[in-house]
1. So what is the relative contact order for segment 1-76, in percent, with contacts set as C-alpha pairs under 8 Å and at least six apart?
2. Where does each of 133-141, 20-28 land if you order them by average Cβ count within 10 Å, highest first?
3. Convert each backbone phi in segment 28-33 into a coupling constant with the Karplus relation 6.51 cos²θ - 1.76 cosθ + 1.60 (shift: θ = phi - 60°), then list the ³J(HN,Hα) values in order as whole Hz, x for Gly and Pro.
4. Per DSSP helix of 4 or more residues, -39500 (n - 2.57); summed, then divided by the residues of the chain. What does that give at 222 nm, rounded to the nearest 500?
5. Can you tell me how segment 8-76 classifies by the Cα gyration tensor, rounded, prolate or oblate, using a/c under 1.5 as the rounded cut?
6. Select one label from [x] 38; [y] 68; [z] 44: the one whose number is percent of Cα pairs over 23 Å apart as derived from the coordinates shown.
7. HN-Hα J couplings of segment 99-107 from phi, Karplus 6.51/-1.76/1.60, θ = phi - 60°, integer Hz, Gly and Pro as x?
8. With a 10 Å radius around each residue's Cβ, average the other Cβ atoms per peptide and rank 147-158, 94-105, highest first.
Amino acid sequence: MLGSFRLGPLQGALKAATYVLFSLPILILSLGFIMGGWARSLWVPVFLLVLYLVVWLVFRPRELLWEQDDLVIRFPLRTRRIPKADIERVEVLSKPDTQARLGSAVRFGVGGLFGVFGRLWTSREGFVDVYLTRSEDIVWIHRRGGRPILVTPETPHAFAEAFSS
């Protein structure tokens, strides 16, 4: 193993969105209790909590690994492997550089709860896979035959350097 990198901590609007979304089940239960219909409103917070659990287990990576021949993206319930031979280069971009390179974008996936995960369709790059927890210091993984991948490891420059070693 050449390097193990955790996903970076939530920052800015993504952190705020996660807090707001986590407060929804409590707010719904509280309103149901105050209005006397908490038993009828119980299914909504339970559904939201199950949905949050699915996002955490299936969509949010817990670790990025550079192995000898692969980039491994580990999720709690699955693993995604990208052969190093399919990766052309890795670079760290600032927020303005990322916005300029992507253009306008439409997200397909999770946006706000624990970060941004899934796919973006962008006006300049087409489809891009994203695993983001912040909007600054985004690592752009250029692939030879596949969609680019955007990630936000805790230490983006060390992650990019590990690809070269």
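1. On the way: 73 pairs, mean separation 29.4, N = 76.
Relative contact order, segment 1-76: 39 percent.
2. Values: 133-141: 21.0, 20-28: 13.7.
The densest-packed peptide leads the list: 133-141, 20-28.
3. Each residue's phi maps through the Karplus curve to give 5, 5, 4, 5, x, 5 Hz.
4. On the way: 5 runs with 56 residues, N = 165.
Value at 222 nm, helices only, nearest 500: -10500 deg cm²/dmol.
5. Numbers: a/c = 7.29, a/b = 2.51, b/c = 2.91.
Oblate, because a/c is 1.5 or more while a/b does not exceed b/c.
6. Given [x] 38; [y] 68; [z] 44, the calculated one carries the label [z].
7. Values per residue, Gly and Pro as x: 4, 5, 6, 7, x, 6, 9, 10, 8 Hz.
8. Values: 147-158: 18.7, 94-105: 13.3.
So the order, starting with the most tightly packed, is 147-158, 94-105.
Taken together, the values in this text are just the output of simple stated rules run on the coordinates, not laboratory data. Here the structure is a predicted model, which is why all the values come from computation and not from measurement. In this analysis, Cβ positions are derived from the backbone assuming ideal geometry, glycine residues included, and neighbour counts consider all displayed protein chains.
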